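As structure tokens, the structure follows; a few thoughts come after it.
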């Protein structure tokens with residue numbers, strides 16, 4: 001059983017015995033019919049891409065680095081955000097600004113990202129214990145990615161080693177502690193999808209990836225009444241209380257999101273799970289969904 005097969009089996013198992021929410025299966029066919037059509041871009045590389053091997057390596061490493069720190073939504077109520085940007089986009093802007101000032105990232109540069117440097121790059125206050133915890137997790141994650149890149153020699157060699165398999169790349173990343181999101185492997189999978197979406201890698205098996213289980217997709221499905229939450233759980237979320245990482249509420253929310261997306265692709269064979277996930281994630285950015293609190297959990301996995 002490979003990584004994505006394990007995710008599907010785990011989520012199916014959880015959804016066979018849901019206690020805190022209900023999947024409204026009768027609504028799925030109509031809901032699927034209203035999903036947008038898939039629109040693949042032929043080339044979404046960053047402006048200025050000159051086709052050189054050096055630039056390709058730079059962009060690949062940047063995507064891998066961003067996906068390595070693509071977590072921390074549970075801290076976004078306390079993080080310092082840049083004007084007009086979300087917490088995640090603020091972190092991405094910090095890394096971009098660092099690269100613009102100091103040159104391309106590399107394994108040795110990423111290894112130097114200790115907590116104080118992370119705090120400086122991402123604009124956070126280490127005197128705040130909660131933010132210090134997040135910056136420590138960022139430092140650990142980037143250090144682990146640096147070790148993996150040093151082992152393979154470059155981001156390009158890591159990708160080439162996977163022989164056009166997104167699943168294999170996810171499995172390689174999942175060997176790192178910071179990516180070892182057992183049962184879901186959200187960031188390990190989305191890294192492969194992001195590389196493909198940005199025209200930086202070709203994979204023959206993107207359709208095998210599952211949805212990228214976080215807190216936003218189940219929030220959208222809940223607001224759209226595709227899943228119905230137990231009143232106590234709904235109250236906990238609406239009051240902004242943090243869910244326990246790996247606890248039953250968090251597990252059921254994430255598993256139901258993956259499982260529902262799988263069901264939606266059965267009604268929409270033109271869409272891959274990653275396409276449905278993106279459509280729901282983008283929907284979640286609209287005001288109607290932001291007006292309601294989403295599930296929050298302080299996890300290094302999303």
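The values are calculated or read from the model by the stated rules, or taken from the named source; none is laboratory data. In this text the structure is predicted, and so the values were computed from the model without any measurement. With ideal geometry, Cβ positions are generated from the backbone for all residues, glycine too; neighbour counts draw on all protein chains shown.
Can you tell me which of (1) surrounded by fewer than 20 Cβ atoms within 10 Å (Cβ to Cβ); (2) farther than 18 Å from residue 77 by Cβ is the one residue 293 doesn't meet?
Result: residue 293 fails condition (2) only.
Given (1) assigned by TED's automatic domain parsing to the domain that holds residue 168; (2) in contact with a helix residue (DSSP H, G or I) (Cβ under 8 Å, 6 or more places away or on another chain), identify the lone condition not met by residue 199.
Condition (2) is where residue 199 drops out.
Tell me which helices (runs of 4 or more DSSP H) are completely within region 213-302 and hold 2 or more residues being assigned by TED's automatic domain parsing to the domain that holds residue 15 and closer than 22 Å to residue 167 by Cβ, or say none if there are none.
248-267, 273-283
Tell me which helices (runs of 4 or more DSSP H) are completely within region 1-105 and hold 2 or more residues being within 22 Å of residue 187 (Cβ to Cβ), or say none if there are none.
Per the criteria, 3-15, 53-68, 87-102.
Taking the condition of being at positive phi and under 10 Å from the mean Cα position of the chain (by Cα), how many residues in region 184-213 meet it?
Number satisfying all stated conditions: 1.
Return the residues of region 267-290 that are free of Cβ contacts under 8 Å to residues at least 40 places away in the same chain and closer than 14 Å to residue 29 by Cβ; say none if nothing qualifies.
269
Conditions (1) in contact (Cβ under 8 Å) with a residue 24 or more places away in the chain; (2) surrounded by 14 or more Cβ atoms within 10 Å (Cβ to Cβ); (3) under 16 Å from residue 76 (Cα atoms), marked per residue:
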site	(1), (2), (3)
111	yes, yes, no
115	yes, yes, no
120	no, yes, no
126	no, yes, yes
130	yes, yes, yes
140	yes, yes, no
155	yes, yes, no
161	no, no, no
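For region 106-117, which residues satisfy the criterion of being within 22 Å of residue 153 (Cβ to Cβ) and part of a loop (DSSP other than H, G, I, E, B)?
Correct list: 106, 112, 113.
Can you tell which of 253, 195 is crowded, with 17+ Cβ neighbours inside 10 Å and either without any contact (Cβ under 8 Å) to a residue 24 or more places away in the chain or within 20 Å of residue 68 (Cα to Cα) (or both)?
Selected residue: 195, the only one of 253, 195 that is crowded, with 17+ Cβ neighbours inside 10 Å and either without any contact (Cβ under 8 Å) to a residue 24 or more places away in the chain or within 20 Å of residue 68 (Cα to Cα) (or both).
Testing residue 101 on (1) under 19 Å from residue 61 (Cβ atoms); (2) under 23 Å from the mean Cα position of the chain (by Cα); (3) free of Cβ contacts under 8 Å to residues at least 12 places away in the same chain, one condition comes back false. Which one is that?
(2)
Can you tell me which of 59, 19 is assigned by TED's automatic domain parsing to the domain that holds residue 214 and in contact (Cβ under 8 Å) with a residue 24 or more places away in the chain?
Exactly one residue qualifies, and that residue is 19.
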